[in-house]
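Following: one structure in structure tokens, then a few remarks.
The values are calculated or read from the model by the stated rules, or taken from the named source; none is laboratory data. This structure is a prediction, so every number in the text was calculated from the model and none was measured. Every residue, glycine as well, gets a Cβ built from its backbone with ideal geometry; the counts of neighbours run over all protein chains shown.
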């Protein structure tokens, strides 16, 4: 590396397509506290904090894969001593070699924190003055409160009635949402099972699988940001749209573009209510023995052929609704001798425990699908923890009576 770049006032590194560190300047090494031979060849995840690793997978990689530059993305590094170092990162991919060049600028928020302390001090002084004044008015207020006690009791009764009615409405809405879920499919060429559990009354997760014709099937699973009523309303509006498009046999990229346009229209006039959605869609043709798919920022789908070989259906684009004018690229897999696919939302397992799913698949390749579903539910229950116990849970299992080859072709 040239001496000027090596000692530049900002960090610099070059990554491979897989995220391995190929070059790093001395400035960034000094910030992190590492020697050159300790990081060269390592994956960038080794120098990212845990939250930054998730952000890197969900936003950085999809932007790079979509040939978009990463501009002023705020992430945090982890030094050799385990300290978090906030930085702004700018990056783009070289078109000739697909190497990723990154510039990192260390952020110093000391002044901001000092200003916040001064503001907090002024607020505390103001609150103290207001408290003295409030004490003088308290006696008058207490008298008024006694007069209003009877009225408050009546209002509480009305509130309890309202809460009871609201709970009934939410329960009805939950039943409607669950009714819209598709039933298992069993045919000569494939079998599909699914699982769905809302963290509250309503869920931001949704799935659907549809028989387009006797040889073609459309399968989708999606996760709207957050959970609860707002996410559920958006999920149901997307469900009616993707069901209509899938049953018409529309291409995967057309379906995702329509869903993306729908979300952008919903929040065009109110960015404060903006929601994005991760999703993965499979178009299975059992006669041609092909699987066409798109993954929009969703946890990777997993498949395993009859030889136990596994492959991840990784993200091919950013989440739906995250940016305008998104392009969705399709990929196609071919299969011949039988295989099993697993699609799931991020509430099923911690992203860093995804290896548990691959191990479960590998160790139960010959187990019938319904029995394997029970094993997966048992694993989810055992692994339930603070990360996802309050998140929606949803997965789809697919057995193909013809397995998936290792070659994939981007269309």
Residues within segment 327-356 that are under 19 Å from residue 54 (Cα atoms) and within 17 Å of the chain's Cα centre (by Cα), tallied: 12
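Filter segment 233-251 down to residues that are touching a residue at least 40 places away in the same chain (Cβ under 8 Å) and either outside the structural domain of residue 221 (by TED's automatic domain parsing) or part of a helix (DSSP H, G or I) (or both) and give me whichever is farthest from residue 274 (Cα to Cα).
At the first step, the residues of segment 233-251 found to be touching a residue at least 40 places away in the same chain (Cβ under 8 Å) are 234-236, 239, 251.
From what is left, the residues that are either outside the structural domain of residue 221 (by TED's automatic domain parsing) or part of a helix (DSSP H, G or I) (or both) are 234-236, 239.
Values: 234: 10, 235: 13, 236: 16, 239: 18 Å.
Only one residue tops the list, namely 239.
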So for segment 369-383 (the condition being assigned by TED's automatic domain parsing to the domain that holds residue 281, surrounded by 15 or more Cβ atoms within 10 Å (Cβ to Cβ), in a loop (DSSP other than H, G, I, E, B) and modelled with pLDDT of 55 or more), does at least one residue qualify? no
When residue 275 is run through (1) crowded, with 16+ Cβ neighbours inside 10 Å; (2) in contact with a strand residue (DSSP E or B) (Cβ under 8 Å, 6 or more places away or on another chain); (3) under 26 Å from residue 365 (Cα atoms), the failure sits at (3)
Could we say that residue 103 is in a strand (DSSP E or B), under 19 Å from residue 15 (Cα atoms), in contact (Cβ under 8 Å) with a residue 24 or more places away in the chain and out of contact with any helix residue (DSSP H, G or I) (no Cβ under 9 Å at 6 or more places or on another chain) here? yes
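Determine if segment 23-30 includes at least one residue that is over 31 Å from the mean Cα position of the chain (by Cα), within 17 Å of residue 91 (Cβ to Cβ) and either loosely packed, with under 15 Cβ neighbours inside 10 Å or assigned by TED's automatic domain parsing to the domain that holds residue 87 (or both).
As a first pass, look at segment 23-30 and keep what is over 31 Å from the mean Cα position of the chain (by Cα): 25-27, 29-30.
Checking the rest, the ones that are also within 17 Å of residue 91 (Cβ to Cβ) come to 25, 27.
From what's left, either loosely packed, with under 15 Cβ neighbours inside 10 Å or assigned by TED's automatic domain parsing to the domain that holds residue 87 (or both): 25, 27.
There is at least one residue in segment 23-30 that is over 31 Å from the mean Cα position of the chain (by Cα), within 17 Å of residue 91 (Cβ to Cβ) and either loosely packed, with under 15 Cβ neighbours inside 10 Å or assigned by TED's automatic domain parsing to the domain that holds residue 87 (or both).
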Odd one out for residue 6, checked against (1) touching a strand residue (DSSP E or B) at 6+ places or on another chain (Cβ under 9 Å); (2) closer than 20 Å to residue 84 by Cα: (2)
So which residues in segment 252-303 are out of contact with any helix residue (DSSP H, G or I) (no Cβ under 8 Å at 6 or more places or on another chain) and either in a helix (DSSP H, G or I) or outside the structural domain of residue 191 (by TED's automatic domain parsing) (or both), if there are any at all? 252, 253, 256, 257, 260, 261, 264, 265, 271, 272
